[in-house]
Amino acid sequence: MEEILKFDTISQFNADNNHETLHPLVTVIDFSKVAPRRIRRAHFGFYLVIIKDAICGDLRYGNRTYDYQDGTILFIGPGQMLGTNADPELHQPKGYGIAFHPDLIKGTSLGRHIDDYTFFSYHVNEALHVSERERHLVLDCFSKVKYELEHAVDKHSKTLIADNIELLLNYCVRFYDRQFITRDNAHKGVLEKFETLLNDFFSSDKPQEIGLPSVAYCASELNLSPNYFGDLIKKETGKTAHEFINLKLIDVAKERIFDADKSVSEIAYTLGFKYPQHFSRVFKQHVGLTPQEYRSSIN
């Protein structure tokens, strides 16, 4: 098995790309200046944002492959892997990357909100595709960080670097919102498929077999990453995927409560609850009545 590269520090990443380390916690790399190379699998201990300017082969991210096209942005978070195995071809990378260590943003606004940028956990096939104008905005943010790295370090350096990375990520949030709207072919029917999935789930024996449907389960069934799926559903419905599941659950529960031949406990188990008390608590949170009180109110 081919060895997996491991980049725990920015200096290791710079060394692999023959790039000078100007700051131990952040770097901006022009990949067109890197020598041709085989694409290998790598594990990262920091955040990495890559904007590709040319097709450079199939990369593997998690269990999926993706053929990079012009104007594609990929986001990698600490602990994630990128690359491919056993590729003998040499590729000339083109594009830019900005890598920053979690320690860089500690105590900053970005550090407090980094978990809000859920695209760091998207699958590679859910990468961001940008227009030429959007690409220029992204590269402008890269350029500002690069300027700070080449500027003499002073008391403003950390704040300005973190602020420009945060600006970059905020632009990418906007671009993803646009992508959710414009990529109809890719997303067409996701909401309908989600509803069908839940209908089929509650009509089967799966609740008794695996319990309540989770967001991760639904995302996996729809071949999406949990974060991308959640963000897409929120954009489409204004509700989180978890809220959507719970609303469907309550709708099914209300119908089943009409069956007077089944106890509330039996209904709870058929819905996937391990404990009837949990079912009663969730039901009351959404309806304002316990299942038994609701049953009495409709009889």
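From its DSSP helices (H runs of at least four residues, each -39,500 (n - 2.57)), the chain gives a residue-normalised ellipticity at 222 nm of -14500 deg cm²/dmol. Computed on the Cα atoms alone, the convex hull of the chain gives a volume of 158 cubic angstrom per residue. What whole-number distance in Å separates the alpha-carbon centres of segment 223-268 and segment 71-115? Value for the Cα centre distance between the two parts: 35 Å. Show me the helices of the chain, taken as full DSSP H stretches, that run 30 Å or more along their long axis by Cα and average 0.0 or above in Kyte-Doolittle hydropathy. Qualifying helices: 157-182.
Pairwise alpha-carbon distances in segment 189-297 exceed 22 Å for 32% of all pairs. Using bins of 5 Å that start at zero, the share of Cα-Cα pairs per bin across segment 190-236 amounts to 5, 22, 31, 24, 13, 4, 0, in whole %. Bridging of K193 to lysines at a Cα separation below 27 Å is possible for K206, K234, K235, K239, K248, K254, K274, once same-chain residues fewer than 8 apart are set aside. For the chain, the Cβ-based charge dipole about the Cα centre amounts to some 360 debye (Lys, Arg positive; Asp, Glu negative; other atoms uncharged).
Highest mean first, the peptides 292-298, 217-223 sorted by other C-beta atoms within 10 Å per residue fall in the order 217-223, 292-298.
Highest mean first, the peptides 121-131, 15-25 sorted by other C-beta atoms within 10 Å per residue fall in the order 121-131, 15-25. Across R174, R41, R133, mean-square fluctuation computed from a Gaussian network of the chain (C-alpha pairs under 10 Å connected) peaks at R133.
Each value in this text was obtained by applying a stated rule to the coordinates, not by laboratory testing. What you see is a predicted model, and the numbers here were worked out from it, not measured in a lab. Cβ atoms come from the backbone with ideal geometry, glycine included; neighbour counts cover every protein chain shown.
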